[in-house]
Amino acid sequence: MTVALRPTRPEDLPFVTGLERDRENAKIIGQWTDAEHLAAIDGENGCWHRIVERDGEPAGYLIGYDRRAVVGGVYLKRVLVGDKERGTGTAAVAAFLEDVRSRLDPEFVWLHVYDWNERAQAVYRKLGFERYQPGDDERARLDVAAESAASRAFRMRWIRPASTS
């Protein structure tokens, strides 16, 4: 299995919204309008919108935001794949981390995950994310940089490894 990320194109929108609005997926992920996806595809507000490809075929999508100027980190907003339990999501997040490490070298990457979504939590822990409870000041900065955690959600954070040289 080969998993890669590529920039989402406007013509990918039916795939993205079809996957997002699927009845089962709609239970676990927020719903964006076509206009919101197109703005993200255009890179507005420091956004990266990527198609997750598995063996050269679209298998999901991922959205991230560069928030280094505000808080020193990168926000992983959304990861969604069609066929679950096949390692595609794990490989997609790993590819995302490798990309942002090599291009941007952020201090950390953070995300929100629902407390009931044990599958996602396990993926993130496997990749080095840990549950993170910021203090009031930092929480306020993260909320401004991205968004507040939803009800029944918490933050997880991956911290850049210390240099070995």
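The values are calculated or read from the model by the stated rules, or taken from the named source; none is laboratory data. Remember, predicted model here, so these are calculated numbers, not experimental data. For neighbour counting, all protein chains shown are included, and Cβ atoms are generated from backbone atoms with ideal geometry for every residue, glycine included. All accessible areas refer to the heavy atoms of the entire protein, side chains included, with ligands and DNA or RNA removed. Shrake-Rupley method; radii C 1.70, N 1.55, O 1.52, S 1.80 Å.
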**Study point:** Using θ = phi - 60° and Karplus 6.51 cos²θ - 1.76 cosθ + 1.60, couplings along region 42-47 (whole Hz; Gly, Pro as x)
**Key:** 6, x, 4, 6, x, 8
Practice item. Of the options TRP110, PHE15, VAL81, report the single residue whose Cα projects farthest towards the positive end of the charge dipole of region 10-155 (beta-carbon charges: Lys, Arg +1; Asp, Glu -1). Key: TRP110
**Study point:** TRP116 accessible area, assembled protein chains, probe 1.4 Å, Å²
**Key:** 100 Å²
Study note, to complete from the structure: For ASP105 and LEU127, extending 7 Å from Cα along the Cα-Cβ vector and measuring point to point gives, in nm, a value of 2.2 nm
Point to revise | Reduced Cα scattering model of region 1-79, Debye log10 I(q)/I(0), q = 0.14 Å⁻¹ | key: -0.46
Revision key, fill the gap. Subtracting the Cα-Cα distance of ARG139 and LYS84 from 0.36 nm times their residue separation yields 16.7 nm
Practice item. Calculate for the chain the 222 nm mean residue ellipticity that helices alone would give, adding -39,500 (n - 2.57) per DSSP H run of length 4 or more and normalising by residue count, nearest 500 deg cm²/dmol. Key: -10000 deg cm²/dmol
Check your understanding: How big is the gap, in Å, between the Cα center of region 87-102 and the Cα center of region 20-58?
Key -> 16 Å
Point to revise | Relative contact order %, the chain, counting alpha carbon pairs below 8 Å whose residues are six or more apart | key: 20 percent
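Report, in debye and to the nearest 20, how large the dipole of region 85-131 comes out about its Cα centre when Lys and Arg carry +1 and Asp and Glu carry -1 on their Cβ.
Using Cβ point charges on Lys, Arg, Asp and Glu, region 85-131 gives about 120 debye.
Test of the criteria: in region 1-92, which GluC sites (Glu not before Pro) are in a DSSP loop and have at most 10 other Cβ atoms within 10 angstrom of their Cβ? Walk me through the numbers on the way to the answer.
Working: sites: GLU11, GLU20, GLU24, GLU36, GLU44, GLU53, GLU85; in loops: GLU85.
In loop regions of region 1-92 (DSSP not H, G, I, E or B), the sparsely surrounded GluC sites (Glu not before Pro) are GLU85.
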